[in-house]
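The values are calculated or read from the model by the stated rules, or taken from the named source; none is laboratory data. These numbers were taken from a predicted model, which means no experiment stands behind them. Cβ coordinates were reconstructed from backbone atoms using ideal geometry, including for glycine residues, and neighbour counts include every protein chain displayed. Note: accessible area is taken over every heavy atom of the protein model, side chains too, but ligands, DNA and RNA are not part of it. Shrake-Rupley method; radii C 1.70, N 1.55, O 1.52, S 1.80 Å.
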Amino acid sequence: MRTAGLRRRLPLLLLLLAGLAAAPGGGGAAAAEQGGLPAKKLRMAYATGPLLKFQIWRVFEEYMRVISQRYPDIRIEGENYLPQPIYRHIASFLSVFKLVLIGLIIVGKDPFAFFGMQAPSIWQWGQENKVYACMMVFFLSNMIENQCMSTGAFEITLNDVPVWSKLESGHLPSMQQLVQILDSEMKLNVHMESMPRHRS
């Protein structure tokens, strides 16, 4: 009776896991970290003028509020900082592989027999405990995907010129540091624009 009950619940479990994998923030490859950034690019623009770009979202709003008050002419944008292509490919592969593996577990299809190999003991355990095996595959795969997409980056550019990199410095800038950097960059830009241009 217990086995029959589990079999009745397996299709519902598969639908639930597939829905979680496809949902935004469901732990799939799109749940990039930069500390939990949304999958699609997030962007906020203000007025026209110099473009200041942040590539982390958690502290973006705090910095945006202070900087927009001090420099009202600066356009501020926040977006994802993508990991290296190899890690993105691994995360994408795992997001598909986990669903295929869960499907094989549920239908009881032995993939090792296709290659003429004997099924390992962990596969046999998975066939005897399908619900737990599916949950384990789903959450373990999500954990690896999130790790692959995590960069911990906090990269700031002004008109596409880097002004701060957490990947190089190893820490976030304080608000005072960032304001000083922007003051210097803005003064330099004004100075360069005010210099007379010599005709050749």
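Things worth noting here:
- Sole exception among (1) free of Cβ contacts under 8 Å to residues at least 60 places away in the same chain; (2) farther than 30 Å from Glu77 by Cβ; (3) not aromatic (Phe, Trp, Tyr) for Gly103, by number: (1)
- Inter-residue pairs, beta-carbon under 7 Å, first in a helix (DSSP H, G or I) and in the stretch 120-136, second of a type in the set (Phe, Trp, Tyr), 6+ apart: Trp123/Phe112
- Close pairs from the stretch 164-186: first modelled with pLDDT of 85 or more, partner assigned to a helix (DSSP H, G or I) and open to solvent by 50 Å² or more (accessible area, probe 1.4 Å), Cβ under 6 Å, at least 6 apart: none
- Some residue of the stretch 75-91 being modelled with pLDDT under 90 and over 22 Å from the mean Cα position of the chain (by Cα): yes
- Residues in the stretch 109-167 that are within 30 Å of Met186 (Cα to Cα) and of a type in the set (Asp, Glu) were compared, and the one that is least open to solvent (accessible area, probe 1.4 Å) is Glu155.
- Qualifying residue in the stretch 92-103 (condition: among the charged types (D, E, K, R) and within 10 Å of Met149 (Cα to Cα)): no
- Check on Gly152, assigned to a loop (DSSP other than H, G, I, E, B), within 20 Å of Glu62 (Cβ to Cβ) and of a type outside the set (Lys, Arg): yes
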